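The structure appears right after this line, and notes come after that.
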Amino acid sequence: MENSQPILTEEMHMFDYWSGVYSPADQHIDSLRAAYDAFQQHYTLPRTEGMCIEDHTLTLPTHRIDMRVFSPEDIEPLTGWSWIFYVHGGGNVVGGADSHEYIARQLARDLKVKVFLAEYGLVPEFGWTQGQQDCLDVYQLILQQAEKWNIRPEHGAIVADGSGAVLALQVQQALSAQQQPKALVLIFPSFVTQNSATHQPQSLIYQIEDQHLMQTWTGVSAQHALRTVPQLKHAVPSSFIALTQYDVCHGANLDLLEKLKQLNTQVDVYTGMGLRGNCLPLLRDCYAVASVYEALLKFLQPNF
């Protein structure tokens, strides 16, 4: 899987190039976030008609967080919307509604569903476990307020990219049997790997997802970090996992697939050829990423 000279698509090469262009002004966390948001928005299309986009502030047990909700402007279904709870990546340090609108809005449009994108607590303002707790609290709050959101609680899915995959798995494992989503989707999951820094370009997008850089803000070493594949003790719903051909997290993903197999989970695995890293923003520009996205849609559509 690892290759010292990977044969990347032309678009993947350009992704690497632009990831280097969007570099932070300095190593301050605010600079890192500004550069990351600008890079992600480089791939975000302007808003057009046909989509209702609302920003909400949610009150959780310990603090308040923001959430962006995407709904097609079609006539609302009488029985309520099918829905997606989206958990964004960003190494638990960056990311939010602006950086991931490109994918949340696209999913809402293409699947004709309501998509919830919460801005969970990030490091260093919060501890490592805050993101998981926030996502769990928001997911359960959405279920409790199903009538308000006009959703069908039993027709939901959890979708996550990059480091958000860890949070998605942790949330799913913490849910009761009655709260379980119908499906789980992990796009280019990013886990802790000891050698990631030596196999990835040291440009923005890879630094963000690289556990070693996060030690700057937390002091948590890769050996003790929480972004390893979590223990899976309960059943996992039907799942789709998108990988890349040159996947630095190959070993961790094999571990995840083995754990899912032991739980008799039905898993669709799709590998994007000529790709590496969390290159999801290329879904409109690169055939290889678009093929991953089309496979994802094909997987989710029957669940809705």
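Per this entry, S71 is not counted among residues that are among the small types (G, A, S), over 23 Å from P281 (Cα atoms), at pLDDT 95 or above and surrounded by fewer than 23 Cβ atoms within 10 Å (Cβ to Cβ).
Yes/no matrix, rows are residues, columns are (1) among the small types (G, A, S); (2) in contact with a strand residue (DSSP E or B) (Cβ under 8 Å, 6 or more places away or on another chain):
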| position | (1), (2) |
| --- | --- |
| H28 | no, no |
| H63 | no, no |
| G80 | yes, yes |
| I84 | no, yes |
| V94 | no, no |
| A97 | yes, yes |
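If you filter the stretch 32-67 down to residues that are over 12 Å from A97 (Cα atoms) and assigned to a helix (DSSP H, G or I), you find that the one that is modelled with the lowest pLDDT is L32. Pairing each residue of the stretch 228-244 that is within 14 Å of V171 (Cα to Cα) with any residue that is of a type in the set (S, T, N, Q) and buried (at least 22 other Cβ atoms within 10 Å of the Cβ), provided the two are 6+ apart or on different chains, yields C-beta distances under 7 Å for V236/Q172.
Taking the options D134, D110, name whichever one is out of contact with any Cys (no Cβ under 7 Å at 6 or more places or on another chain), surrounded by fewer than 21 Cβ atoms within 10 Å (Cβ to Cβ) and in contact (Cβ under 8 Å) with a residue 12 or more places away in the chain. Give the steps one after another, and end with the answer.
Numbers: D134 fails: surrounded by fewer than 21 Cβ atoms within 10 Å (Cβ to Cβ).
Result: D110 is the single residue among D134, D110 that is out of contact with any Cys (no Cβ under 7 Å at 6 or more places or on another chain), surrounded by fewer than 21 Cβ atoms within 10 Å (Cβ to Cβ) and in contact (Cβ under 8 Å) with a residue 12 or more places away in the chain.
Scanning the stretch 30-48 for residues that are among the hydrophobic types (A, V, I, L, M, F, W, C) and either out of contact with any helix residue (DSSP H, G or I) (no Cβ under 8 Å at 6 or more places or on another chain) or loosely packed, with under 15 Cβ neighbours inside 10 Å (or both) yields A34, A38, L45.
With respect to P181, determine if the residue is in contact with a Gly (Cβ under 8 Å, 6 or more places away or on another chain), assigned to a loop (DSSP other than H, G, I, E, B) and either at pLDDT below 95 or small (G, A, S) (or both). It would help to see each step written out before you state the result.
On the way: in contact with a Gly (Cβ under 8 Å, 6 or more places away or on another chain): yes; assigned to a loop (DSSP other than H, G, I, E, B): yes; either at pLDDT below 95 or small (G, A, S) (or both): no.
No.
Output the residue which, of all residues in the stretch 78-107 that are touching a residue at least 24 places away in the same chain (Cβ under 8 Å) and more than 16 Å from the chain's Cα centre (by Cα), is farthest from L297 (Cα to Cα). Filtering first and then ranking leaves T79.
Within the stretch 237-259, the set of residues being buried (at least 20 other Cβ atoms within 10 Å of the Cβ) and either of a type in the set (S, T, Y) or within 20 Å of A183 (Cβ to Cβ) (or both) comprises S239, F240, I241, A242, L243, T244, Y246, N253, L256. Restricting attention to the stretch 44-71, the residues being within 12 Å of R105 (Cβ to Cβ) and within 17 Å of the chain's Cα centre (by Cα) number 4.
Kindly indicate whether any position in the stretch 282-293 is of a type outside the set (A, V, I, L, M, F, W, C), assigned to a loop (DSSP other than H, G, I, E, B) and either more than 17 Å from the chain's Cα centre (by Cα) or surrounded by fewer than 21 Cβ atoms within 10 Å (Cβ to Cβ) (or both). Before the answer, list the steps.
To start, the set of residues in the stretch 282-293 that are of a type outside the set (A, V, I, L, M, F, W, C) comprises 284-285, 287, 291, 293.
Checking which are assigned to a loop (DSSP other than H, G, I, E, B) leaves us with 285.
In the following step, the residues that additionally are either more than 17 Å from the chain's Cα centre (by Cα) or surrounded by fewer than 21 Cβ atoms within 10 Å (Cβ to Cβ) (or both) were identified as 285.
Scanning the stretch 282-293 turns up at least one residue that is of a type outside the set (A, V, I, L, M, F, W, C), assigned to a loop (DSSP other than H, G, I, E, B) and either more than 17 Å from the chain's Cα centre (by Cα) or surrounded by fewer than 21 Cβ atoms within 10 Å (Cβ to Cβ) (or both).
Taken as a whole, the structure places D66 among residues that are in contact with an Asp or Glu (Cβ under 7 Å, 6 or more places away or on another chain), surrounded by fewer than 18 Cβ atoms within 10 Å (Cβ to Cβ), under 22 Å from S163 (Cβ atoms) and touching a residue at least 24 places away in the same chain (Cβ under 8 Å).
In the stretch 13-29, which residue that is under 21 Å from the mean Cα position of the chain (by Cα) and assigned to a helix (DSSP H, G or I) is surrounded by the fewest Cβ atoms within 10 Å (Cβ to Cβ)? Outline the logic, then answer.
Going through the stretch 13-29, the residues under 21 Å from the mean Cα position of the chain (by Cα) turn out to be 15-16, 18-19, 22, 29.
Next, from what is left, pick out any that are assigned to a helix (DSSP H, G or I): 15-16, 18-19, 29.
Details: F15: 27, D16: 18, W18: 15, S19: 24, I29: 17.
My answer is W18.
Each row is one residue, and each column tells you yes or no for (1) surrounded by 18 or more Cβ atoms within 10 Å (Cβ to Cβ); (2) touching an Asp or Glu at 6+ places or on another chain (Cβ under 8 Å); (3) at pLDDT 95 or above; (4) assigned to a loop (DSSP other than H, G, I, E, B).
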| position | (1), (2), (3), (4) |
| --- | --- |
| T193 | yes, no, no, yes |
| P201 | no, yes, no, yes |
| H212 | no, no, no, no |
| D268 | no, no, yes, no |
| G272 | yes, no, yes, no |
| Q301 | no, no, yes, no |
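The values are calculated or read from the model by the stated rules, or taken from the named source; none is laboratory data. Keep in mind it's a predicted model, so treat the numbers as computed, not measured. With ideal geometry, Cβ positions are generated from the backbone for all residues, glycine too; neighbour counts draw on all protein chains shown.
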